[in-house]
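Notes for the one structure printed next.
Throughout, read-outs are computed from the coordinates displayed, never taken from laboratory work. Only a predicted model underlies this, so the values are computations on that prediction, with no experimental measurement involved. As a convention, Cβ positions derive from the backbone with ideal geometry for all residues, glycine included, and neighbour counts pool all protein chains shown.
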Amino acid sequence: MRSVLALVSVFGALVLLGPILAPHDPTAIDIANRLSPPSPERLLGTDALGRDILSRLLYGARWSLGLAFLVSLMGLALGTLAGLLAAQGGKLADWTVMRTTDTFLAFPDLVAAVVIVGVLGAGTGSLIFALTVTGWMRYARVARGIGLSLQTRGYVVQARLAGLSPLSVARWHYLPSLLPSLTVVWTGMFARAILGISALGFLGFGVQPPTPEWGTMLLDARIHMRSTPLQMIWPGLAVVMCVLAINLAGDALRDTLAEQDLPE
Amino acid sequence: MLSVENIAVRYRGVTVLQDISLTLAAGRTLAVVGESGAGKSTLIGTILGLVRCSAGQVTWNKAPVRRCRPALVMQEPRSAFNPRVSLRRSVTEPLIAERRPVDENQMAALCRSLDIPTDLLERRPSAVSIGQAQRIGILRALIAAPPLVLFDEPLSALDAVTQKHTARMIADLQAKEGFAALIVTHDLGYAAAYADHIAVLRAGRIEELTTAQAFIDAPQTAYGRELRDAAFALGALERVA
Amino acid sequence: MIQLFLSLVLRAVVVLTGTALATFSLLWHAPGDPALAIALARFNAVVSTEVVDQIRVEAGLDAGFWTAFKAWILPLLSGDFGSSSVTGRAVWPDLVTAMSYTAPLALSGLLIGVAVSVPLAILAARRPGGWLDRSAVAVASLGAAIPTYWLGLLLILLFAVQLGWLPAMGARTPVHIILPALTLGLGVAASLTRILRSGILEARGQPFLPAIRRRGVASRAIERAHVAPHAAIPVVTVFGLELAFLLEGAVIIEVIFARPGLGTFLVTAIETRDFPKVQAVVILAALLFVTVNLVIDLIYRALDPRIGSHDA
């Protein structure tokens, strides 16, 4: 858990401090110096419009990382709500939520996101909508599974007997037990969100120019693959490193949880 | 007064309880004895209003039983408390649910009667002994002063000495607070010593329902006799010469 | 068994209906005037409002939601996928052409993935914790973090641009499929290796195995009869997931390598607001998914009778 929190803080710092650390304005066009190799002034070189790649990477973190973080949290909230509703609400609620989950899961999320963003029009709003709507289901399943197993616990029965409202029961008695497993799911979904946003950016369905984002930077770099192949490395590398870090943290968390096997 | 009228509980085609009728007045104790699988847990759930009856009704003073907010003391004290929360929070949950303030004097008095040092309540469930946990469970059950309290094998997780003390405490508290007590137990000795009436539950039906003394002296059914004789043989009951 | 089959089929039907409804509502609520978009795409010029209104009636866009929905879904149930709002041609034949490009890509990608991951997983599982095992897991973890589009671009950079060995764009010759399939296959291999490896290790750890070994059954026979089927379970499940990966990958890869196929079909349809085509692809993909998952579910239960139904 500690490594996950450490990771989140590092990412958070990157997202927040990125603009401050960036040496240049990411949208400043400088045609004279376009496609130049790395130099002491422009550590990673410039792109086709002369913009500093390092600055664009740092600013881009706000979208590729920050937005992914936001979207994954929204999915967490929505999915947990749905899962708890299924666990606490009785047979009908359970069936409805589960079939809805199945319906949304029946489709590869990237394709669905492409369709949603494509149809609703590119923009941050539709991006957030598309990624949240395709990203809540896993949480729902986990929350429901754990919720159902908790229904028969002594203290849950006591809470219901005392007449505690379902919301309070969820907050006090379900959430603490759900948090570890939900966090594991969240790490996976955070990684997917990062990959998703950059993939959509690469396909032209994501964040729109001139806003810097790692996926769109790759799209730009692709055109000049022959002349400046190096440009293609940096955004991709950024994505890989972030996703790898999250996956490792998530694996570590999953292993710790498996060892602990909380006695209740 | 608790009134269980002809209830039946069916689940997935299986009849778990049938033709159950009994009454219990305030301040009185009814012991329900029977083997495992006879339907004791379902009976508890139904009387508490947590399980819906397929037939019949359960009322307290002619109103649906849920309205009197019956309390439950569970068999296994460890799982009866949220492990992540202080015992004080768990104990006061019935009051929190009803948005009632905590009467510190009343709580202190109950703690004294149950031999619970108040600093124990600041701890987590894992930091107290089983005996203490069970008594804290009783504290939780009584904190909102319910008129009806159910006990599901309240002594079976405790060692012999603690059993005696706890049984005594329950009886004393009942005399003081005046609640009706329905105790599910397989310990006929306990039932004989503390209950006014004994009901024998077998395969979802009540085989016998008489005063405790009458049952011990002369059980009406063969099954009742089996239970009583077994209790004598195991030393749970002592023969009066 | 029949009851189980029927309930699973019922569930599949519900899911498909939900998908159809969701897709249709999404397209129904798309911003902008669809009739206008169709007119623009069809005539490639601004047209008079009368023509736009005519298109609106033609395409059934002036009716209510449910009428329009029924108008789409009823022919669909008898196999009629409707006609493109842009070209007026039937959608189905174009869809089939697109599939004929994507299917070999997906299959070869899957083959490459399996060809790489199976031997790797078996070798890694032979000595768990050994250097081969740990490097395999490390490489697989790395592979899972690499976005498909980046891998594709890197492969193009290496094999097409720098080395000039393989073609990058288009689908003219069979050779053109190598780089795209490789991109897809490596991605599949990354996740398959990890899952296969842990599947094998878990299957080896089954509690009844030592007893069988003590009875003197040969190692290889044990592997075949007890380890393999149990290890096959997660693999079967993963096939369902890999299908999602393949479809997503197809969209990205076809765009990168400028190949015709379902991916390009979908992207073009979205860009030209050709909604009948978009609906067709979505429903087809959903149908494919639900069917495959249904089959997998049944195989799953057949492989391990211990798996009971534990959800609603």
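Each of A:Phe104, A:Leu43, A:Gly83 was placed along the dipole of the range A:28-168 (beta-carbon charges, centred on the mean Cα), and the one lying farthest toward the positive end is A:Gly83.
Dipole size of the range B:71-145 about its Cα centre, with +1 on Lys/Arg Cβ and -1 on Asp/Glu Cβ: approximately 200 debye, rounded to the nearest 20. Only helical runs count toward this figure. For chain A, summing -39,500 (n - 2.57) over DSSP H runs of n ≥ 4 and dividing by all residues gives -23000 deg cm²/dmol at 222 nm.
Given the peptides A:52-58, A:207-213, B:209-215, arrange them by the average over their residues of other C-beta atoms within 10 Å, most packed first. Each step should come with its number before you reach the end.
Values: A:52-58: 24.3, A:207-213: 19.0, B:209-215: 16.9.
For the peptides A:52-58, A:207-213, B:209-215, the packing ranking is A:52-58, A:207-213, B:209-215.
Amide hydrogen proximity for B:Ala55: with H placed 1.01 Å from N in the peptide plane, the residues at 5 or more positions away or on another chain lying under 5 Å are B:Ala8.
Students often get this wrong, so check it: of B:Lys40/B:Lys164; A:Lys91/B:Lys40; A:Lys91/B:Lys62, which have C-alpha atoms separated by over 28 Å? From the list (B:Lys40/B:Lys164; A:Lys91/B:Lys40; A:Lys91/B:Lys62), the Cα-Cα distance tops 28 Å for A:Lys91/B:Lys62. Averaged over the residues of peptide A:246-257, the number of Cβ atoms from other protein chains lying within 10 Å of each residue's Cβ is 1.
Specify the inter-centroid distance of the range B:120-184 and the range A:6-71, based on alpha-carbon positions, in whole Å. Using only Cα atoms, the two centres lie 65 Å from each other. Across peptide C:289-302, the mean count of Cβ atoms from other chains lying within 10 Å of each residue's own Cβ comes to 1. With θ taken as phi - 60° and the Karplus curve 6.51 cos²θ - 1.76 cosθ + 1.60 applied, the whole-hertz 3J(HN,Hα) list for the range C:174-191 is x, 4, 4, 8, 4, 4, x, 5, 4, 4, 4, x, 5, x, 4, 4, 4, 6 Hz, x standing for glycine and proline.
When DSSP beta bridges are limited to those with both residues in the protein assembly as shown, what percentage is antiparallel, rounded to the nearest 5? Working shown, then result.
Numbers: 22 of 39 bridges.
Within the protein assembly as shown, antiparallel bridges account for around 55 percent of the total.
Between the range A:211-235 and the range C:106-178, what's the alpha-carbon centroid distance in Å? So the two Cα centres are separated by 22 Å.
Taking the convex hull of the alpha carbon atoms in the range B:71-145, what volume per residue do you get, in Å³?
Details: hull volume 6.1 nm³, N = 75.
Given the Cα convex hull of the range B:71-145, per-residue volume reads 82 Å³.
For B:Ala180, nonlocal amide neighbours, meaning residues 5 or more places apart or on other chains whose placed amide H falls under 5 Å from its own, are B:Gly27, B:Leu148, B:Val149. Considering every pair of different Cα atoms, what Kirkwood radius, in Å, is found for the range C:18-77? Across the range C:18-77, the inverse of the average 1/r is 12.4 Å. List the aspartates and glutamates whose alpha-carbon lies under 19 Å from that of C:Lys70, not counting same-chain residues fewer than 8 positions away? By straight Cα distance, C:Lys70 reaches C:Glu58, C:Asp62, C:Asp80, C:Asp274.
Can you give the average number of partner chain beta-carbon atoms within 10 Å of each beta-carbon in peptide C:150-159, as a whole number? Walk me through the numbers before you get to the answer.
On the way: counts 14, 2, 1, 10, 4, 0, 4, 6, 1, 0.
Across C:150-159, the average partner-chain Cβ count within 10 Å equals 4.
The Cα-based radius of gyration and maximum Cα-Cα distance (Dmax) for the protein assembly as shown are 33.6, 115 Å. Principal-axis analysis of the Cα atoms of chain B puts helix B:130-142 at an angle of about 90° to the longest axis.
The helix-based estimate of mean residue ellipticity at 222 nm for chain B, built from -39,500 (n - 2.57) per DSSP H run of four or more residues and divided by its residue count, is -10500 deg cm²/dmol to the nearest 500. Applied to the range A:152-168, the Karplus parametrisation 6.51 cos²θ - 1.76 cosθ + 1.60 on θ = phi - 60° returns per-residue 3J(HN,Hα) values of 8, 5, x, 6, 6, 4, 4, 5, 5, 4, 6, x, 5, 5, x, 5, 5 Hz, with x for Gly and Pro. The convex hull built on the alpha-carbon positions of the range A:158-251 has an orientation-averaged projected area of 8.5 nm².
Normalised by 2.2 N^0.38 Å, where N is the number of residues, the C-alpha radius of gyration of the range C:93-303 stands at 1.18. Taking every Cα-Cα distance in the range B:99-241 and sorting them into 5 Å bins starting at zero, the pair-distance distribution P(r) comes out as 2, 8, 18, 19, 17, 13, 10, 7, 4, 2, 0 percent.
Consider all pairwise Cα distances in chain A and report the whole-number % of them above 35 Å. Beyond 35 Å sits 27 percent of the P(r) for chain A.
The angle between the Cα long axis of helix B:104-113 and the longest principal axis of the Cα atoms of chain B comes to about 50 degrees, rounded to the nearest 10. With a Förster radius of 60 Å applied to the beta-carbon distance between A:Thr152 and C:Thr87, the computed FRET efficiency rounds to 0.50. Computing Rg and the Kirkwood Rh from the Cα coordinates of chain B gives a ratio, Rg/Rh, of 0.97. Can you tell me the dipole magnitude for the range C:18-77 around its Cα centre, using point charges on the Cβ only (Lys, Arg +1; Asp, Glu -1), in Debye to the nearest 20? Using only the charged Cβ atoms, the result is roughly 200 debye.
Proximity of backbone amide H atoms, modeled 1.01 Å from N, is registered between A:His24 and A:Ser55 at under 5 Å, excluding neighbours fewer than 5 places apart on the same chain. Net charge in the neighbourhood of A:Arg192 (other residues with Cβ under 13 Å of its Cβ; Lys, Arg +1, Asp, Glu -1) is -1.
Rank by packing, highest mean first: peptides B:27-33, C:254-260, with packing defined as the count of other Cβ atoms within 10 Å averaged across residues. Intermediate results must be reported in sequence, preceding the final value.
Working: B:27-33: 22.7, C:254-260: 20.3.
Taking the mean over residues of other Cβ atoms within 10 Å, the ranking is B:27-33, C:254-260.
Each residue of the range A:245-254 was assigned a 3J(HN,Hα) from its phi angle through the Karplus expression (A = 6.51, B = -1.76, C = 1.60, θ = phi - 60°), giving 4, 5, 4, 5, 4, x, 4, 4, 4, 4 Hz with x at Gly and Pro.
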